[in-house]
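The values are calculated or read from the model by the stated rules, or taken from the named source; none is laboratory data. Nothing here was measured: the structure is a model prediction, and the numbers come from that model. Cβ coordinates were reconstructed from backbone atoms using ideal geometry, including for glycine residues, and neighbour counts include every protein chain displayed. Remember, those area values only see protein heavy atoms, side chains included, never the ligands or the DNA or RNA. Shrake-Rupley method; radii C 1.70, N 1.55, O 1.52, S 1.80 Å.
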Amino acid sequence: MALDGAFLYAVKKEMECLIGARVEKVHQPAREEIILSLRTRDGGYKVLISASADRARVHLTDVQVENPKVPPMFCMLLRKRLGSGKLLSIRQDGLERVLYFNFSCINELGDVVNLTLACEIMGRYSNLILIDENNKIIDSIKRVDAEMSSKRLVLPGMPYELPPRDERLNFLECTDAELRDALHSNAGSLPKVLLGILEGVSPVLVREWAFYAGRGADCRTETMNEDTYDRLCFAVNRTKAMLTEGNCHFTIAATKEGQLKDFSFIPLNQYGTLMITREMPSACTLLDSFYSQRDRAARMKQRANDLFRLLVQRSERISRRISSQTEELMQCREKDELRRKADLISANLYRIKKGDSEAVLEDFYEPECPVVTIALDPRLTPPQNAQRYYSAYKKACTAEKVLAQQIESGREELAYLDSVLDVLTRAETENDLEQLRLELAEQGYIRSSRLKGKAPKSLPPIEYVSSDGYEIFVGRNNKQNDKLTLKDAEKLDIWLHTQNIPGSHVIISSLGDEVPMNTVLEAAQLAAYHSKAQTSAQVPVDYCLVKFVKKPVGAKPGKVIFSNQHTVYVTPPADVSSFRKENNA
C-alpha cells in the first residue's frame, strides 16, 4: 500500500482544474497535515497535504475535520505568505513522488512574488516545504538538520535541493526495447526487478503487471520467454494509456471483513477471491475514502497523547501503591501474635528481670502449653516490654482498618481512571477530548489553569433507534452518563451497562411501554460496542429499570449501584450505522 508516482500523476491531472484558483484559508488540523481552501469560478475546493510517514499524500478532500483552537506556527506562516495567492501551475518531475504548487502572491511590501509549495510524498522522508522565488527555503512542516541527515538539509534560508533520485526508466516515456534491455540486465524476481528499474511504481502495480504476464511473484527475469515479455509490455502499455488518456480504474482492495488493504489506478486481479475490490470515481475520492477513517483515529490519538500519558502514569502509580499497601496489610494479620506475647509477658512479670534480652515462657493459650521464646528490649523493664507489644498490637489494628479503606479507595480510583481511559480510546471529536479534560480538572487530576478558553459546550448523548422504533441513548463520558441515567431518564426506562467492564451508560426510552426483548438485545449490543469489550464476543451486559439505579454518596462520575438486574450475553456489532439516527453528530 503506497501512493506511488504514477498514482500521483493521476492526482495531478485531476487537480489541474484548480489552476487559477485563489487561496482562501489555510488550516493545520494535525502536526504534519495542511488543508488549503481554494476558490475558483466553479466553487470552493479543499486540498489536503499530509507529510505523515504512514499516511503521506496530497489530494482534494470533502472530509470535515476539527482544527486546533490555536493554529501552529507553520500554518500561520502559510496564511501570511499564501493568503489570497493565485495558483499558477501544478507540476511533477517525471514520475517522482513530488508535486510542486506554484503560487503568485503579494508580499508585505505589496510586491508580486512567486512562491512554490513542494509536497514530497516519500514515506518517512515526506515533507511540505515553502520555497521563495530565489529557490531558498522559507520553512517546512518538518525541519531536517545535520543530526537528522547529512545528505539533505531542510532549514529556513537554505537552498532547496531536489530529493535524491536514482537513474530509472519512466514507463510513460520508455519504449518496449528499453524495458526489455533493462530486464535482461537484471536477474531476479520480476516484481522486484521492475521496482528497481522503473520510477514511480509501487509494489501493488508491478505485482499486477507480473500477474498479467504469467506467474506473478514467482516469475523471474532470467526464465522469461518471448510470450511473457510480450504480455508484460502489453500490460505496461495499457497502464500508460490509462494514465495519459484519463481512463483509469481507481480500485480499492479490502478483506472480506472490510479491512482496507491496497489501492491502485488499475483493476486489481492479483488477489483473486481473497480480497473484495471496489471501484471509485476518481483518484482524490479514493484517497479521501481510504485514509479518512485512519486519519481520524491517528489525529485523535495525537491530540489525546497528553491525556493517555497522564492516565497511564496515574494508574501505574495507584497500582504500585495498592500493591505496597496489600503487603502491609498482610503483615498486620500477625497482630494477634503481638497481643499474645504482651499477655504472656504480663502474666510472668515476676520471672523476668530488666536487662533480659529474651523470655522463655509457657504459652498458656495452647492446650499443651508449649515453651516459646519472646524477644525483649534489655533497656526496658518487664512492664515496659509488655506495653511495647500492646502498642504494636494497637498500631497494627489501626493500620489494618486504614489500609483496608485506602486499598478500597485506590481500587475505586483505578476503576474510574480505567473508565476515563476507555472513553478516551473511543473519543471521536475534539469536543470529546475537551469534555474529558474538564472532567479530569474537576476531579483534581489536571490543573484548571491548563484549560484554555471557554468551557466546551457539551454534545448531546449519542442517539440510536432500535428496529422496533424505540430510542436508545448512549452517554459520551462519565459526567454525561450520570446526567443521562440519574436526571434525564424516566424511572420506567431501561438502563444497561457491561458487567464489570468499563463502558457507557445506555438508556432505552420506554415511554411507559413494555420494551420488546429484541430492543433490549440491540441496546445490549450498543452497550458492548461502546465499552472496553468492543472487540470481544459474548459480552455480559446487565440491564434493569432506571428506578433501581442509584449513585453512592461521594462516588466518582459514572459510578452507580443497581439491583433487580438481568444479564444477557451479546457480541458487539462491527458497524452501528444502521442504528444511528441520521441527524446525530
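Against the criterion of being part of a helix (DSSP H, G or I), touching a Leu at 6+ places or on another chain (Cβ under 9 Å) and open to solvent by less than 30 Å² (accessible area, probe 1.4 Å), I407 qualifies.
Across the stretch 369-379, not a single residue is classified as among the small types (G, A, S) and either open to solvent by 90 Å² or more (accessible area, probe 1.4 Å) or within 30 Å of Q405 (Cβ to Cβ) (or both).
Annotation: of all residues in the stretch 328-362 being of a type in the set (S, T, N, Q) and part of a helix (DSSP H, G or I), the one that is farthest from T398 (Cα to Cα) is S346. Restricting A555, A527 to residues that are under 18 Å from Y416 (Cα atoms) and out of contact with any Gly (no Cβ under 9 Å at 6 or more places or on another chain) narrows the list to A555.
Taken across the stretch 70-87, residues that are within 24 Å of F250 (Cα to Cα), open to solvent by less than 30 Å² (accessible area, probe 1.4 Å), touching a helix residue (DSSP H, G or I) at 6+ places or on another chain (Cβ under 7 Å) and in contact (Cβ under 8 Å) with a residue 12 or more places away in the chain do not occur at all. Taken over the stretch 547-585, the residue count meeting the criterion of being within 30 Å of Y445 (Cα to Cα) and among the β-branched types (V, I, T) is 4. Taking the conditions (1) open to solvent by 20 Å² or more (accessible area, probe 1.4 Å); (2) touching a residue at least 12 places away in the same chain (Cβ under 8 Å) in turn, G444 satisfies each one other than (2). So in the stretch 102-138, with the set limited to residues that are in a loop (DSSP other than H, G, I, E, B) and open to solvent by less than 20 Å² (accessible area, probe 1.4 Å), which one is nearest to E32 (Cα to Cα)? By that ranking, first place goes to S126.
Residue by residue, here is whether (1) in contact with a Ser or Thr (Cβ under 8 Å, 6 or more places away or on another chain); (2) among the acidic types (D, E); (3) without any contact (Cβ under 8 Å) to a residue 40 or more places away in the chain; (4) open to solvent by 80 Å² or more (accessible area, probe 1.4 Å) holds:
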site: R231; (1), (2), (3), (4): no, no, yes, yes
site: V236; (1), (2), (3), (4): no, no, no, no
site: T251; (1), (2), (3), (4): yes, no, yes, no
site: K261; (1), (2), (3), (4): yes, no, no, yes
site: I266; (1), (2), (3), (4): yes, no, no, no
site: I276; (1), (2), (3), (4): yes, no, yes, yes
site: A283; (1), (2), (3), (4): no, no, no, no
site: F290; (1), (2), (3), (4): no, no, yes, no
site: L311; (1), (2), (3), (4): no, no, no, no
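Taken over the stretch 333-345, the criterion of being open to solvent by less than 50 Å² (accessible area, probe 1.4 Å) and within 14 Å of L376 (Cα to Cα) is satisfied by L338, A342, D343, L344, I345.
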